[in-house]
Structures are given as structure tokens and as C-alpha cells.
Amino acid sequence: MSEHITTETHAAHEVSYGTYVMVWLGLVALTAVTVTIAGIHLGSVTLVAALTIATIKTILVVTYFMHVKFDNRVIKVFIFVCLLIFITIMVLTFSDLSFR
Amino acid sequence: MVMEHAHPHVHRDDEGSKMGIWLFLFTEVLLFGGLFVLYAGYRFAYSDGFVAAAAEMNTFIGAVNTIILLTSSLSVALSIAALQKGQKRLCMNLLWFTIISGLAFLVNKYFEWSHEIGNGIYPKGPALENMSSGEVIYFGLYYTMTGLHGLHVIIGMIFIGFVLNFIKRDIITSTNFQKLENAGLYWHLVDLIWIFLFPLFYLVH
Amino acid sequence: MANESLAVSPNDVNFFQYRGKHRGLLGWILSTDHKRIGLLYLSAIMVFFLAAMMLGVLMRLEMLTPGETIMKPQTYNSLFTLHGVIMIFLFIIPGVPAVFGNFILPIHIGAKDVAFPRLNLFSWYLYMTGGILAIVSLFVGGGAADTGWTFYVPYSIRSAQNVSMTTLAAFVLGFSTIVTGINFIVTIHRMRAPGMTWFRMPLFVWALYATSWIQVLATPVIGITLALIILERALGIGVFDPALGGDPILYQHMFWIYSHPAVYIMILPAMGVVSEILPTFCRKDIFGYKQIAISSLAIAIIGYLVWGHHMFVSGMSDTGRVVFSLLTFLVAIPTGVKVFNWVATLYKASIKFSAPLYSVLAFIFIFSIGGLTGLVLGTLATDIHVTDTYFVVAHFHYVMFGGMGTIFFATLHYWFPKIFGKMYSEKVAIIGTTFFLIGFNVLYFPMFIMGYMGMPRRYYDYLPQFQGWQILSTVGSWILVSGILIILGNMLYALLKGPKAAMNPWGGTTLEWRVPSPPPVENFDEIPVVTGGPYVHDRPTYIMNPSKELIHHDGDGLKTTEEVRH
């Protein structure tokens, strides 16, 4: 009889409530910033600023809320690969679009 | 001769489960990614049309919805911490809060869309007949992208609903909570997509 | 006689005989055993392959004469659309990974199953749903889509045919692929047996790993693209409709961003099997193991960078065209690395001829033709002349059918004794394969000539100067089909009446040859321990029953009783 149980639990890393709330405050603040900038009518700078702020918010969410800061390297490499592919697609598509 | 066999082996691998959900999240990123590529292409081609169309958007509702989703991400992250600390009741309450936030987001969306549709602003709608190509495509992308996102909010809510049930039945516990983490990761992705949708549709000036 | 009510070990019987929670048919369609799921896929895939093959035969019959021969032009358009959709999404893409990947992968890495067995079964149900939707689209509404499998806008938006149902079928099939990809990646990362480092994995596993990454990251792009076609048809969102300001070239970009990497999903697993068959029948280690492994990853990565070569005449910018042409040349490099390493494996080897090896040798030749003609297409100046002609049709049939298809049958021959525990007639297999190879070349080589002469693809009618070649090509299709039927008939006969197969009829060195034919439900009594590479012929590199053989654990080395004694 082969009743075979394998159990691999991950080392549970606890993040404090406080850290999460701090991250949330940062996210809300950044939202306020991006809305404010948009109201100033800076033209194309608005877009760059908005995307930059969105990226910072993303990094905060991924690193802390999604716990990636404390994860194994494999997950980080995976995320990097996914982003690389997405960026490649965007860039190569524009190698056509921006030159028509 | 009838042969009864022992159960096949039981296998728990939290790290593998986490990898699996991350890979699934990547497929969602590329799914929306395709739409973002289209958005980028068309904004590049029709920048004036996009600016004109975006004037119709309700930045206030968009901002409120952003805050709602950010807060719901906080609550789901806190729920995991709570469960790790053995605070099951608090964990479940936080998850309920997350679901209700999702609902609030969708209700806002409903009012927002009703208003726009009421004004004839929708694909093949009366308001679009006189609009430039850029504006038409802006709204096409708007409904497609926010609609698809809304669908994912619903999926996320269902996912969390299942997890709530598992916690109630002690299938998910303070030492066995990868399923909760996975639901949380999915929810955060839904939040992340909105983090980009918001400026691209509501902050175009 | 054993007490009938006593529970026994699942490994006392092979996976066909095992009876778990469900009996009979339910025991198959509700099974989460990767081996049964692999065979569920095989049954379905063979049915769809034969259906699409018949569509191809009918197309070739129509092309015997200019003008109408046996069908109307509208029908012909639907036929080549469905032939493409079924062959690509229901045969070539899942063919090797879903059947043999599912069956062999866990055994190759010394695992008892994949990481997510229930998800695995779910992927099969997704596959069946998509397949049935595709077939149903032939019979409901206006009939199947007539847009070509590429569904180019604006016609796919305007066509009165069942475009939405056909694209929905492809969408669902995409999901199936994604689920399989996720399963394999996690399985390979997490479930390798002790001692199996990445560079001790069989090359088939490396191939599946690279393929799975493409499946996961590229498929969603076509998912959204096809969903947008459906939305465009239903709601008129404008995103792809030129009448509303949409850009048809953007559609093509989105379509090919997936569909080019898709061809690597098709070929990488097949190349992985080639890397298995060669060391076995050359009775020596593969030449350049690391290079072949890395080249699989390189092909997967570079494969993302070349999609624009399908669009050279679409209206794309000159800059875009130059960029994509240059990147296209790059992808030939890792492919060349593989071919050279395979040939080097054959050099000075002790070669044992067999049906699988016969196919592999033909494959190297056929795939090289396909690949080299790809360079003709990848070069801007020559592409202008041959694009959208029969030249392209010949090229992709050489690489996809002559490439993956040849190896699919080689794989069936190679792992048939392991999967079914029966042996087929070698002689008949060789005869069948010979018909296949001759028929294949007579069918498709004339298409290079016709294409060069200017015969457009997807055309129902043609000028008289092409007829001789068209007839020759059609005759080739009959020879090819005979070959396929001989091969399949031979295997069917073996299933019913063939002799039992040994555990290791070919003298292979990877783990599947160390378990019974057919394997037991849990593959191994004990998870083996790995002590060396996968293709070592002069000494064993797997310890199959570690608890009996190992008594000494010493730091990072597990010693057998023999080693400890000395």
C-alpha cells in the first residue's frame, strides 16, 4: 500500500499590518498626485508622468501586497520574463507604427 | 475479480501552487497587454481624437473607483496577515470588505456607463456618428477594456467567495492558506490593471 | 488466490487495468492520471487529424481542374479555413505536448504525475469543447468561416459566415493550451526526482519547458485578438474596422504576435523527440546536450521577435520590415545548432535502423528544406515575389507537416510499445513511412515550383499552365494518405493482435524504459534517484529502488551499497 503524502509548505513570512497600511497610504497619495498633475494641462508630460506614477504604484503593489519582495528568486525571474515579452511586443509593434 | 485500490498519493506544494497562479496572472497580463498595445497604437495615431473623447469621461468616478480598488487590495493583504496571526474572524471580515468593495466598484461603473450610454455614447450609438475616427476608437477601447476589467472584478469576487467558504470550513487555516494567497494575488492583478486603465482613460488632457 | 476485498497497491497492475473511483468509460473521462489523459488527447487528436486530412484531400480533388471540379468557390474557402483551423489548433499545436508530453513528461523526470492533475483533465475538456465548436461551425448558420485560418480584417468582420463561432472555438482551444503550459512549467520546476538537475533532464523535457513558456505568454494575445473580432462583429467597436477608423495592419500584428511563436510551439516538442530518438538508435550520448537544451530556449525567445515577416506586403513601414527581416535571420541560428548536433550524434555511431529513426532521418532532410525556404521568405526582395503564393503553402507544409507531422508519427512508433505494451510490425511501419515520405514530397514540392511561377494561394481557379503540377500534387496527396493509413492500420492491428512489448525494446536510457510496458498507475514504486545524465549507455544513471539500494547518505552524495563497500 503506498499512501504517499508529501507536504511542502512555504516558510510563512509575516508582514505587519502597519507595513500594509503604509503602502496603502503611499498608493492613495500617488493617486492624488497623478490626478492633480492631470488637471494642470501639461500636454504630453501628463502622459509620461501618469505612466511613471502608475509604474511606481505597480511596484508597490507587487513588492508588498503581492509579497514578491519576500518570495523566491524564481518568481522574480518569472515576472521579469513576462514583462520583457510584453515590452518587446510593444516596442516591435511601434517599429512599424511610428514609421508609417 | 474486483480490485479496490488505495487512494493515489496526496501532494501539497505551496510553492508550486503559487507558481501556478503567477503563471496564470501572466496570461491575464498578456491578455490585457494586447489591448494596451492597441490603445498605444491608436493614441499615437489619433492623439487629438483621444483628447477630445476623454473630455466626456467622469474623472471623479474614476478616481473614486481607483481608491476603492486600492483599499480592497489593502483589505485582502491584511486578511492574509490576520489569518497568519490566527485571527480567523478578522480575516473573514476583511475578505467580506474586499467583496463589497468590488461590488461598489461595479455599481459605480453601472452608473457611469448608464450615463454615457444614455447620452448615446457607445459603439454604433448616435453620439458616435458625428465623431472622428479617434473618438470612435477611444470609446470602443474604453468599453472593451473597462468591460473586460469589470468581468475580472466579478471573477475575483467569486474567487474570494470560494476562499471565504474554505476558511469557514477550515479547509484554509493559519498554516495552510496558499489558496487565500492565490485569490489575493488575482485580486491584486485586477487592481493593477485598473491602476493603468485609470490614467489612460480618465486623465487624458 | 488473494482475498478479493483486500486493498492492493495501485502499481500491481498497469494503468489500463487500474480501477479507481470510477469504472469503464467514466474511469477514463474522469481520470486525472496523466497517462489516461494523454490517451484521451490521442483519441481526439487522431479523429480531428483524419477529418482535417479529408478536407485536404477534398481540396486537392477540387484543384485537379481549373474552375469548378467538385465544389463551389464558397465551399472551397470554408474548406481551407477549417482545414487550417483544425490542423493548427487541434492537431499540430497539441499533438506532441498534449499526448506525449502528458504521458511521458512525469516519467522522464521521475514523478508520479503532473503538478495539477485535475487541471490537466480540465485542459482536455477545454480541447474537446473547442474542437466540437469548430466542427459545429461547419453546419450551423451560414457555415464555417471562409476567411482563411488567419481571420484577416476587414473580411472577417464582413463575412456572412459563422466567423464568430469558428473564432470562439480557437479561443477556447487557446485556454486548453495555456492550462497545459502552466501545468508543465510547474511540474518541471517542482517535481523532478532527487538528483535530477536541470542539465540531467532529458532533452524532451527541455523542449516541453521552452514550449510551455510560449504557450503561456503568447496564447493570450490571440485570445484577445479573436475576442475582439467577435466584439467587432457583434458591437462594432471600431478597433479593427477600417470603416470606423480601425487599422487592419494592427490586426495582423496582434494575430501574428501569437501565431508566429505558435509555430515554435508546434516544432519544439517534435525536435525534443528527435533528441530522444537519436541517442537511443545511435546507442551513444547525444552530441552537444547543453547546446541543444539552450537552443530550445533561444528559439522560444527569438521566436517572439520575428512575427512581422508574415506582413511584409501588408502596408507595414519600411523600418518595420527591415527590423523583422533581420530578426528572422537570427532564429535560423539556434535551429542550425540543433541540426548540426543531431548530425554529429549520428557520426561514428552504432546505428540501429528502425521506423522511428527512419522518420527522424527524413525529418532532418525535409525540415532543412522547409527552413531554408523560410529564409527565402524572410528576405524582403524575394518575399515580394513569392508571398501569398503556393511557395508559402509549400514552405509551411514542409516545416509543419514534414516537420512536426513526420515526427508525430515517429513519436507514435517510438513510444507505442511503452504506452500500449504491444509491438507493431517493423516492416509494415517502414513501408507505410516510405509511402508517407514519397507522397509528402510529391504533394508539396511541386507547390514550390507553382508558387515561384506565380500560382496564388487560396485560389479556387487557376491558369492552364499550372494544371500539370496541380495534378501531380493531388496524386501525391493520395500516396501520402495511403502511407498514413498503412501506418495507422499497422498500429491498430498491433493493438489488437500484436505481440507483447518488452520493458525496453529499443535499448533506451531514459526513465520510461525502466518501468513496465505499459507503466503502472503511479509510474514508479519508489521515486528514483538520479546520478547522471539521460543518455549514458555504458552505466546506469538511475537508482530505481533507492530504499533498497542506498544505505549511506553522505553530504551531497548518495552512495549505493556497492560504492560504500569499496
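List of remarks:
- Among C:Trp478, B:Trp22, sorting on how many other beta-carbon atoms sit within 10 Å of each Cβ, with the fewest leading, yields C:Trp478, B:Trp22.
- For C:Asp538 and C:Ala381, the difference between the fully extended length at 0.36 nm per residue and the C-alpha to C-alpha distance is 51.3 nm.
- Relative contact order [Cα under 8 Å, 6+ residues apart], chain C, whole percent: 17
- 22 Å Cα-Cα reach of C:Lys21 towards lysines, excluding residues that sit fewer than 8 places from it in its own chain: C:Lys35, C:Lys112
- Cα centroid of segment A:11-65 to Cα centroid of segment C:470-500, whole Å: 62
- Built amide H within the under 5 Å cut-off of C:Lys422, gap 5+: C:Ala501
- Loop-located trypsin sites (Lys or Arg not before Pro) in segment B:20-88 whose Cβ has at most 13 other Cβ within 10 Å (DSSP): none
- Amide hydrogen proximity for C:Tyr542: with H placed 1.01 Å from N in the peptide plane, the residues at 5 or more positions away or on another chain lying under 5 Å are C:Thr531.
- Taken one residue at a time, the phi angles of segment C:281-287 give Karplus couplings (6.51, -1.76, 1.60, θ = phi - 60°) of 8, 8, 6, 8, 5, 5, 8 Hz. Gly and Pro are set to x.
- Cα-based helix-to-principal-axis angle, C:406-420 vs chain C, degrees rounded to 10: 30
- Segment C:212-291 and segment B:118-147 have Cα centres separated by 31 Å.
- Whole-angstrom Cα spans of chain C along principal axes, big to small: 79, 54, 46
- Percent RCO, i.e. relative contact order, over segment C:330-434, from Cα pairs under 8 Å lying at least 6 residues apart: 37
- Derived scalar couplings ³J(HN,Hα) [segment C:467-472; Karplus, 6.51 cos²θ - 1.76 cosθ + 1.60; whole Hz; x for Gly, Pro]: 4, x, 5, 4, 5, 4
- Shape class for chain A, computed from the alpha carbon gyration tensor (a ≥ b ≥ c): oblate, with a/c not under 1.5 and a/b at or below b/c.
- At an R0 of 60 angstrom, the distance between the Cβ atoms of C:Val475 and B:Ile154 translates into a FRET efficiency of 0.60.
- Order of A:Val21, C:Val153, C:Val339 - criterion: other Cβ atoms within 10 Å of each residue's Cβ, fewest first: A:Val21, C:Val339, C:Val153
- In terms of its alpha-carbon gyration tensor, the protein assembly as shown comes out oblate; a/c meets the 1.5 threshold, while b/c is at least as large as a/b.
- Hits among lysines - C-alpha to C-alpha of C:Lys284 under 27 Å, sequence gap 8 or more where chains match: C:Lys338, C:Lys348, C:Lys352, C:Lys418, C:Lys422, C:Lys427, C:Lys500, C:Lys559
- Rounded to the nearest 20 debye, dipole of the protein assembly as shown from Cβ charges on Lys, Arg, Asp, Glu: 1300
- Lysines with Cα under 17 Å of A:Lys76, excluding same-chain neighbours fewer than 8 positions away: B:Lys18
- Relative contact order for chain A: 23 percent, from Cα pairs under 8 Å spaced at least 6 residues apart, divided by residue count.
- Antiparallel beta bridges, as assigned by DSSP with both residues in the protein assembly as shown, represent about 65 percent of the total such bridges.
- Phi angles of segment B:42-57 translate, via the Karplus equation with coefficients 6.51, -1.76, 1.60 and θ = phi - 60°, into HN-Hα couplings of 6, 5, 5, 7, 10, 4, 5, x, 5, 4, 4, 5, 5, 5, 6, 6 Hz per residue; Gly and Pro are given as x.
- C:Thr389 long-range amide H proximity, modeled H, under 5 Å: C:Arg457
Read the figures in this text as sums done on the coordinates, not as results from a lab. This is a predicted model, so every value here is computed, not measured. Don't worry about glycine lacking a Cβ; one is built from the backbone with ideal geometry, like all the others, and counts go over all protein chains shown.
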